[in-house]
1. Report, in listed order, any pair from Lys26/Lys203; Lys181/Lys203; Lys75/Lys217 with a Cα-Cα distance greater than 21 Å.
2. Can you compute the label reach from Asn191? Point 7 Å from Cα along the Cβ direction, backbone N cut-off under 20 Å, restricted to region 201-237.
3. Find how much the distance from Asn66 to Leu126 grows on full extension, using 0.36 nm per residue of separation minus their present alpha carbon separation; answer in nm with one decimal.
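Read-outs: derived from the displayed coordinates by stated rules, not from any lab. Just so it is clear, the model here is predicted, and its values are computed rather than measured. Note: ideal-geometry Cβ built from the backbone for every residue, glycine included; neighbour counts use all protein chains shown.
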Amino acid sequence: MKEFKFKIGGQDYAATVEDLKDGQMKVTVNGQTYQVEVPHKKAKGPHVAMAPAASEAQTGGPKNVNSELPGTVTKINVSAGQHVKRGEVLLVIEAMKMANDIVSEVDGTVQRVAVTSGQSVNQGDLLVEMVADFVAAKAEVTPKPAPAAPAPVAAPAPAAAPAPAAGAKTVTAPLPGTVTKITVKVGDSVNAGDTVLMMEAMKMENNITAEFAGTVKAILVDAGAQVQSGQALVELD
């Protein structure tokens, strides 16, 4: 079990993360327990190639969107009958004091929005019913065995992230995740509540905001970086 302590909006949080099995984890934040799934850790069975059913090949099939975490719906961006692109934000859920963008994984058409703004949802609750666009079925050909890969060459160790100056005001990561976008640069002035970067955690996009006003002195991570809970992200004067 791993234990973390962090602060969001001036409030202290204590969290524990316990690995279960098949990519499942139990996360407890200030006494509230959530069960989450880490897709890339799920056990993988043998791959079986199957041809899609005729109806699915013609219509694209249903592609419903469910909630990954308990939270509150704060904004709905789509309505029934609307066509959306892959990656487009469907709605926003606030969970653990973070605004999480819920995006479409496919190009498709919204059939029904199953929630309303201000509604509380639980993990696994249906948010949006969708039908994916038509995708022509393709026969799967068994690939020939790939030639043996050359012996791996050890990559140089990555440079250590710069540490903030003693006593500096920093914006830290509230949870482990991946930095997807940095929205400020050195020298920018920010106010409390301004978004300084975006981070993906548990398959959701999270706006990471400054807790206080100041001027960006240093950006301590790069886009694409994997960060840990409590890690310094941006240093402010």
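1. Check vs 21 Å cut-off fails for Lys75/Lys217.
2. The answer is 207-217, 236-237, whose backbone nitrogens lie closer than 20 Å to the label point.
3. Here the answer is 21.2 nm.
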